[in-house]
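A.B. asks: The structure under discussion is supplied below as structure tokens; questions concerning it will follow.
The values are calculated or read from the model by the stated rules, or taken from the named source; none is laboratory data. Computed from a prediction, not measured in an experiment: that's the story for all the values here. Every residue, glycine among them, receives a Cβ derived from its backbone with ideal geometry; neighbour counts consider all protein chains shown.
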Amino acid sequence: MKNRLWLGSRYLIVIFSLFIQVNPSVVQADGGLSAPEFTDPAMLAQRPEDWQRKPIHYESWAEKANVAITLDQHQYAALKDAIGQFSQKTGWLVASREGNCGTSEASIDKKQVDIAGFCCPPSTRDRLPGLKYHTLGIAALAILVHRDNPVGNLTLEEIRAIFSGRIKNWSQIIGANKLGDLPVIPVGRLHCNTRPGHWRTILPDENDFSPHLTEVGTVPDMIATVAGNPGAIGYEVLWNRTRFDRKGLVKPVWVDGISPEDDRAVASGRYPFYRVENISSWETPSMKNAAASSLVMYLRENVAYLNPVYRIVGYQWLRENGWRFDGDELIGRP
């Protein structure tokens, strides 16, 4: 019996080791295990042949356009000027719509747009036949606390312990003495829960978060909740903190001595939390749009020249730092 148990354990260890070798993104930079940060580009969602033959059909908001594009809020703001410049240079009319990853998912599944933007890597169900993903860059996901919180740096382990509920009081954190016995209020926005990456770089699954997590549904609610509670701690990209923290009540903390505002650290992968800025386009002849393909190329060429306020670290910089790509799509850390 003992021999069978020992052999079974050895078998599981070997299988798990192979899994780690073929899925390097499940290993965090600190060596701890986490959820996969990317999906395999070869794993496509299934769609019937009549769906695959179906052409793109614009909705009323884009019916007179040469290109229809839907983007999440961050991308919409960051790319708006570049899209306008593209239209002026080419004479092609681009209809753009602000939304979120859910909007983009629905729009591409219904074949209503040429290009769709996501703030995270695609899930397997997002990988539709004929659809390609193009990474513009990544954006640091900053850990945010109230301005009056004296803590300026947290370790990766402390952050995970806070959001999992293992650390319940700020007195457990070195440097938070001035807060006394103030309870920790972890705040989470568990959006895009079918997709890898984003908040999963903090904890791999929604069930890993504290049962006392204050869950919010929108970005403004995240910022307002942290701004309104001296004991609160949340997360968001830096642009959203700038956009919604009008009174300066929220501050980002460093992680293991690294600032989320250090673009070099983000580009090298030393800063651990980030979102992936992806756009998609159609490649099959029945859906491919020459104007849309040109727009994708134009946006990628101009990522390095976006206003720094949007804090998007471009894909060119990621390639230089050894991040792994499949074609245009980011698929792994350095």
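A.B. asks: Tell me, which residue of region 250-286 that is of a type in the set (A, V, I, L, M) and within 29 Å of ILE69 (Cβ to Cβ) is nearest to the chain's Cα centre (by Cα)?
C.D. replies: Taking region 250-286 first, the residues of a type in the set (A, V, I, L, M) are 250, 253, 255, 258, 265-267, 276, 279.
Then keep just the ones that are within 29 Å of ILE69 (Cβ to Cβ); that gives 266-267, 276, 279.
Numbers: VAL266: 13, ALA267: 14, VAL276: 4, ILE279: 12 Å.
Per the stated criteria, the residue is VAL276.
A.B. asks: Among residues belonging to region 75-113 that are part of a strand (DSSP E or B) and aliphatic (A, V, I, L, M), point out the one that is nearest to THR218 (Cα to Cα).
C.D. replies: This residue is ALA95.
A.B. asks: Given the conditions (1) within 19 Å of HIS57 (Cα to Cα); (2) hydroxyl-bearing (Ser, Thr, Tyr); (3) surrounded by 24 or more Cβ atoms within 10 Å (Cβ to Cβ), which single one is not true for THR135?
C.D. replies: (1)
A.B. asks: Now, a different point. Which pairs turn up if I take residues in region 187-200 that are outside the structural domain of VAL219 (by TED's automatic domain parsing) and of a type in the set (A, V, I, L, M) and look for partners that are assigned to a loop (DSSP other than H, G, I, E, B) and surrounded by 22 or more Cβ atoms within 10 Å (Cβ to Cβ) with beta carbon separation below 6 Å, at least 6 apart in sequence or on another chain?
C.D. replies: Final answer for the pair search is none.
A.B. asks: Right, something else. Quick one: in region 169-184, which of the residues that are without any contact (Cβ under 8 Å) to a residue 24 or more places away in the chain and not in a helix (DSSP H, G or I) is surrounded by the most Cβ atoms within 10 Å (Cβ to Cβ)?
C.D. replies: Result: ILE173.
A.B. asks: While we're on this one: Considering only region 52-68, how many residues are out of contact with any Lys or Arg (no Cβ under 8 Å at 6 or more places or on another chain) and either surrounded by 11 or more Cβ atoms within 10 Å (Cβ to Cβ) or not assigned by TED's automatic domain parsing to the domain that holds HIS198 (or both)?
C.D. replies: Final tally of qualifying residues: 6.
A.B. asks: Which ones in region 145-165 are part of a loop (DSSP other than H, G, I, E, B), under 24 Å from ASP221 (Cα atoms) and in contact (Cβ under 8 Å) with a residue 40 or more places away in the chain?
C.D. replies: Let us first name the residues in region 145-165 that are part of a loop (DSSP other than H, G, I, E, B), namely 147-152, 155, 165.
Add one more test, that the residue is under 24 Å from ASP221 (Cα atoms), and what stays is 147-152, 165.
The answer is ARG147, ASP148, ASN149, VAL151, GLY152, GLY165.
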